[in-house]
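K.L.:
Here it is: the structure, laid out below.
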Amino acid sequence: MNMREVLEEMTKRGASDIFLVAGRPISYKSEQKICTYGTDRLTPGILKQYIDEIYEMAGCQNERKLLETGDDDFSFAVTGLARFRVSTFKQRGSLAAVIRIIAFHLPDAAALGIPESVIELGDFGKGMVLVTGAAGSGKSTTLACIIDHINHTREEHIITLEDPLEFLHSHDRCIVTQREIVSDTESYIKALRAAMRQSPDVILLGEMRDYETIQVAMTAAETGHLIFSTLHTMGAANTIDRIIDVFPANQQRQIAVQLSMVLQAVVSQQLVPGLDGKLLPVFEIMTVTPAIRNMIRENKSFQIDGMLYSSATPRMMSADSCLLQMYKAGKIDRKVALAYASNPDMLARRI
C-alpha cells in the first residue's frame, strides 16, 4: 500500500489525524479515540518510504529541513481528496509523521453546533475578536466559519495569515488573500506589518505568539481594522490576563488601556463527548461591554467570570451555562456536564 492509498482510506474513515510512528501499525484519531489500520507494525524503512512519498506529493517541499533540524511542518492538497497539514519529525532515531486531514469544503457552522451569536462576531466593523481554547478544540474551524460568513455578507478585503493554511476560501463578495507562514512569508510579524500596506479590512492572524505580534495586532485593530486571532487559553478572564502578562511590567498599564479599547469579544471553546458519541463544542462567549472595558482598564478582570456566570444571553454566556443548556437539551449527560464545568458544585445545584 502506498501513501496515496493510506490517505484515501483515512479520509474515507473520517479520521482527523494520522500517526505514522515506528513500532506500531498506521494509527488514526477519530472522535478523539486512537484506532489502528491493519496489524503490520511500521518499520523505519517503511516509514522512510512513506515520508518520501509525502514530500513528493507536497511538490515544492524537500526533506532537508527535516534531516537537518529533526522537525518540519508544511501542508499540501490532493486533488479530489482533501488538504493535509503535516508535521514530520525524528524520534528514537527514525522518522515519524502526524498528518491532519482538512476537508476541501468549508465546515457547516450549524451542523457543527457553532451558535449564530459566534458567527455574527464577524459583523463587527473594527476591533479584535479572539477565539481561544486548547489545541484541537476547533478554534480554526470556528474562525473559518466566521470568515466564510464575512465573505458572503460584506464587500471587503480579507487577509489570512496562517501556519500552515487549513481551510481554503474562494472569493465571493470579498477578496480573500491567504498567506502561509514560511512558504509565502517569513514570519507572522513581518506578514502582519506587510498586511497593513495591502488595504485590508479584515485580518485573520493564525496565532498571537509573542508580545511584538500582539502589539502590532492591537495597533491594527486600533486603526480601524477587524482582527481575528487565537490563544491557547481557557476563559475570557484568563485570556485578558495572558495578553497583559506577556508584556514587560512597565508597559502593562498602557497595554491594559489599549486592550480595553480594541477588544470586541472573546470566545473560549472546548469539545465534550455527546450522548451520541460525537464530540460537541462548548462555548464561553464574552462580548465586551462598557462595564467590561472598565474592568480591563482597571485591572479587575477577575470580576468578569462572575458577570458571565450571572448572564445567559447568546452573546454573554459562561461555559457552565452552555453545558447546562446542552444537558437540558439532552445532548450530554450529567456526568460529562460536571466533568467539564469550571465550577462543578454550582452547576450541580443548577442542574
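K.L.:
With each pseudo-label sitting 7 Å past Cα toward Cβ, what's the LYS335-PHE302 distance in nm, one decimal?
P.N.:
3.6
K.L.:
Show me, bin by bin at 10 Å from 0, the whole-percent P(r) of the chain based on Cα pairs.
P.N.:
P(r) over the chain, rounded to whole percents: 5, 23, 29, 26, 14, 3, 0.
K.L.:
Round to the nearest 0.05 the FRET efficiency obtained for HIS152 and THR43 when R0 = 56 Å and r is the Cβ-Cβ distance. Provide the component values of the computation, followed by the final result.
P.N.:
On the way: r = 49 Å, r/R0 = 0.87.
With R0 = 56 Å, the Cβ-Cβ based efficiency is 0.70.
K.L.:
Related question: Run the simple label-point estimate for SER183 and GLU63 please: 7 Å along Cα→C-beta, distance reported in nm.
P.N.:
1.9
K.L.:
Say R0 is 30 Å: what FRET efficiency, to the nearest 0.05, do ARG293 and LEU112 get from their beta-carbon distance?
P.N.:
Details: r = 31 Å, r/R0 = 1.03.
Here the calculated transfer efficiency is 0.45.
K.L.:
Which residues among the range 154-170 fall inside the zone where the amide N is under 19 Å from a point 7 Å beyond the Cα of PHE104, along Cα→Cβ?
P.N.:
Within reach of a label on PHE104: 165-170.
K.L.:
OK, next. Can you check what the Kirkwood hydrodynamic radius comes to for the range 3-102, Cα pairs only, in Å to one decimal?
P.N.:
On the way: mean 1/r = 0.0737 Å⁻¹.
Over the range 3-102, the inverse of the mean reciprocal pair distance is 13.6 Å.
K.L.:
Still on this structure, please answer the following. Viscosity 1.002 mPa s, temperature 20 °C: Stokes-Einstein D of the range 53-205 from its Kirkwood Cα radius, in µm² per second? Mind dumping the intermediate values first?
P.N.:
Details: Rh = 17.0 Å.
D = 126 µm²/s.
K.L.:
Among GLY206, GLY14, GLY122, which one moves the most in a GNM of the chain with springs linking Cα atoms closer than 10 Å?
P.N.:
In the Gaussian network model the winner is GLY14.
K.L.:
Another question, then. Just how far, in whole angstrom, is the range 267-330 from the range 60-84 if you go by their alpha carbon centroids?
P.N.:
After rounding, the separation between the Cα centres reads 37 Å.
K.L.:
Something else: Report, in listed order, any pair from LYS12/LYS65; LYS126/LYS300; LYS139/LYS278; LYS12/LYS335 with a Cα-Cα distance greater than 21 Å. Please list the in-between numbers first.
P.N.:
Numbers: LYS12/LYS65 31 Å; LYS126/LYS300 24 Å; LYS139/LYS278 17 Å; LYS12/LYS335 32 Å.
Over 21 Å Cα-Cα: LYS12/LYS65; LYS126/LYS300; LYS12/LYS335.
K.L.:
Now for a separate question. Shape of the range 128-242 from its Cα gyration tensor (a ≥ b ≥ c, root eigenvalues): rounded if a/c is under 1.5, otherwise prolate when a/b > b/c, or oblate? Each step should come with its number before you reach the end.
P.N.:
Numbers: a/c = 1.43, a/b = 1.24, b/c = 1.15.
It comes out rounded by the Cα gyration axes.
K.L.:
Can you check what the Kirkwood hydrodynamic radius comes to for the range 199-293, Cα pairs only, in Å to one decimal?
P.N.:
14.6
K.L.:
I need LYS278, LYS126 ordered by Cβ neighbour count within 10 Å, fewest first. Numbers along the way, then the final one.
P.N.:
Details: LYS278 13, LYS126 16.
With the sparsest Cβ surroundings first, the list reads LYS278, LYS126.
K.L.:
On to the next question. Ranking SER342, SER199, SER268 by Cβ neighbours within 10 Å, fewest first, what do you get?
P.N.:
Working: SER342 16, SER199 10, SER268 26.
Ranking SER342, SER199, SER268 by Cβ neighbours within 10 Å, fewest first, gives SER199, SER342, SER268.
K.L.:
Further question: Based on DSSP H runs of at least 4 residues, each adding -39500 (n - 2.57), what is the mean residue ellipticity at 222 nm of the chain after dividing by all its residues, to the nearest 500 deg cm²/dmol? Kindly include the intermediate steps, with their values, before the conclusion.
P.N.:
Working: 15 runs with 133 residues, N = 351.
One gets -10500 deg cm²/dmol as the mean residue ellipticity at 222 nm.
K.L.:
With only Lys, Arg, Asp and Glu charged, each at its Cβ (+1 for the first two, -1 for the last two), find how big the charge dipole of the range 3-102 is about the Cα centre; round to the nearest 20 debye. Each step should come with its number before you reach the end.
P.N.:
On the way: 15 positive and 14 negative charges, 62 e Å.
Computed about the Cα centre, the dipole is about 300 debye.
K.L.:
In what sequence do LYS300, LYS12 fall when counting other Cβ within 10 Å, fewest first?
P.N.:
Details: LYS300 12, LYS12 9.
Listed from fewest to most nearby Cβ atoms, that is LYS12, LYS300.
K.L.:
Here is a further query. Measuring from label point to label point, each 7 Å out along Cα→Cβ, what is the ILE34 to LYS328 span in nm?
P.N.:
Label at ILE34, label at LYS328, 3.9 nm between them.
K.L.:
Then there is this: In sequence order, what are the phi-derived ³J(HN,Hα) couplings for the range 66-80 according to the Karplus relation 6.51 cos²θ - 1.76 cosθ + 1.60 with θ = phi - 60°, rounded to whole Hz, with x for glycine and proline?
P.N.:
With the stated coefficients, the range 66-80 comes to 4, 6, 7, 10, x, 8, 7, 9, 6, 9, 7, 10, 10, 3, x Hz.
K.L.:
Count the DSSP beta bridges whose two residues both fall in the chain, then state the antiparallel fraction as a percent rounded to the nearest 5. Write down the numbers at each step before the final one.
P.N.:
Working: 42 of 68 bridges.
Of the beta bridges lying entirely in the chain, close to 60 percent run antiparallel.
K.L.:
Which shape class, rounded, prolate or oblate, goes with the range 63-126 when its Cα gyration tensor gives a ≥ b ≥ c as root eigenvalues, a/c under 1.5 marks rounded, and past that a/b bigger than b/c marks prolate? The partial results should precede the final answer.
P.N.:
Numbers: a/c = 3.06, a/b = 2.33, b/c = 1.31.
Prolate is the answer for the range 63-126, as a/c is 1.5 or above and a/b outweighs b/c.
Coordinate-derived values only; no laboratory data. Everything quoted here is computed from the prediction, not taken from an experiment. Using ideal geometry, Cβ is built from the backbone for each residue, glycine included, and neighbour counts are taken over all protein chains shown.
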